[in-house]
1. Restricting attention to the stretch 21-51, report how many residues are crowded, with 20+ Cβ neighbours inside 10 Å and among the hydroxyl-bearing types (S, T, Y).
2. So which of I330, I372 is within 22 Å of S126 (Cβ to Cβ) and in the same structural domain as N277 (by TED's automatic domain parsing)?
3. Could you please tell me which pairs satisfy a Cβ distance under 7 Å, a separation of 6+ or placement on different chains, a first residue in the stretch 136-149 that is β-branched (V, I, T), and a second residue that is modelled with pLDDT of 95 or more and not in a helix (DSSP H, G or I)?
4. If a residue must be in contact with a strand residue (DSSP E or B) (Cβ under 8 Å, 6 or more places away or on another chain), closer than 16 Å to V34 by Cα and surrounded by 15 or more Cβ atoms within 10 Å (Cβ to Cβ), how many such residues does the stretch 230-261 contain?
5. Just one of the numbered conditions (1) surrounded by 16 or more Cβ atoms within 10 Å (Cβ to Cβ); (2) outside any loop (DSSP other than H, G, I, E, B) is not true of S131; which one?
6. For the stretch 31-74, enumerate the residues that are modelled with pLDDT of 95 or more, part of a strand (DSSP E or B) and under 18 Å from the mean Cα position of the chain (by Cα).
7. In the set G400, G368, which member is of a type outside the set (A, V, I, L, M) and touching a Leu at 6+ places or on another chain (Cβ under 9 Å)?
8. Considering the stretch 337-388 alone, what residues qualify as being among the β-branched types (V, I, T), over 30 Å from E316 (Cβ atoms) and part of a helix (DSSP H, G or I)?
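The values are calculated or read from the model by the stated rules, or taken from the named source; none is laboratory data. As the structure is a prediction and not an experimental result, all values here were calculated from the model. FYI the Cβ positions are ideal-geometry reconstructions off the backbone, even for glycines, and counts take in every protein chain you see.
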Amino acid sequence: MDLKSYEPFWLIKNGLPASYPSLKHNATCDVLVVGGGITGSLIAHQCIQDGYDTILIDKREIANGSSSATTSMLQYEIDTPLYKLIDMIGEKGAVASYEACYRAIDQLYDITHRIKSQAGFRKKDSLYFASYKKDVSWLQKELEARRKAGFDVQWLDANSILKEFDLHHTHGGILSAQGASVDAFMLVHELLQYNVKKGLTVYDKTQLQSVNYGKRTHEARLHTGAIIKCKRIIYCVGYESAHMIREKFVNLISTFAIVSEVVPDETRDYKDILIWNTSKPYAYIRTTDDRRFLIGGEDEQFRNPDKRDALINAKEKKLLRTFEKLFPNIPFDVDFAWAGTFGETKDGLPYIGTHKNFKDSYFVLGFGGNGITFSLTGMEMVSAWLKGKKHELTPYFAFGR
């Protein structure tokens, strides 16, 4: 009998930290946040901080979408290498995007400290290693691009990586001094509970069905028949935005992850490092705050949840083989295996901004491997826009770019 859980690890680990009612009566607010995951909770946190009367709704239980499945590797490195991003959008926008993700990690540390979070936020280094010899030349080109931009990076050869991390089958890599990890599911609940005490109103199992736009006030109609009158709407709905917006702007990808049993001794030397590689799709490895190993990857094009979940057994075996190849001296007994869906964009950047078909609204869609750090940048951008100010990253994250 297979007793492993195929629910995301964080759901089992944390249980149900908080519960909220559905909305069955009419309500009013300044800002309506649609989406109760890590992005929505951060945006709501910013809105409350800026003094707006804010309501947050989610059609599921809170944090039961992508935030329950994320592996929460917090990196300033974007899925598109810096040197390639410079070629795509120019040096100014590329470096500014990387710098924003770099700052976001420190900003999240400040937030977790302020709300007295117990979600296991931990600053870490990040090792990006070459899986194949052919990757070394472009990875060293990436190293120089980051150095030129002022990032704290160094090159480690294969022998140094083996000696320091007992990590096998590498061909050298970039060690960066900025990274982190967190239990995003728990952090969502902590953020919302913190802000409920400051005036935020939260409703789960409350689905937005349509919006009637007025001159200054808009009516958001819910599946319960209730109406929320609001001045601004902020959509933090992740990959589900692909069903809201007509044009093709994101590819949906399924990713897979496994978590080991608790191994205190083996994880001790890896608690301060994130590890990922140049394979396509890349594999990513970290420890959890309760002293387990986590490895994810084996991405596939998303078709539907049933076909995605049917692959979990096969993907579990492949991820386990990858871990055993890289760390032959560390046992990995699988305790949890699951799949999640995320969005992949043409340049690795998010879509944060307005859309012509949604009046007085903003989308904050932190796609790719930097979803959480992009969401922190989204906080800055939305805060500026609501005050009538500009933000330097607006053209780089815009729809239709």
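1. 2
2. I330
3. As it stands, the answer is V136/A130; V136/H171; V136/G172, since those pairs meet every condition given.
4. 13
5. (2)
6. V33, V34, L74
7. G368
8. Of everything in the stretch 337-388, those that are among the β-branched types (V, I, T), over 30 Å from E316 (Cβ atoms) and part of a helix (DSSP H, G or I) turn out to be T377, V382.
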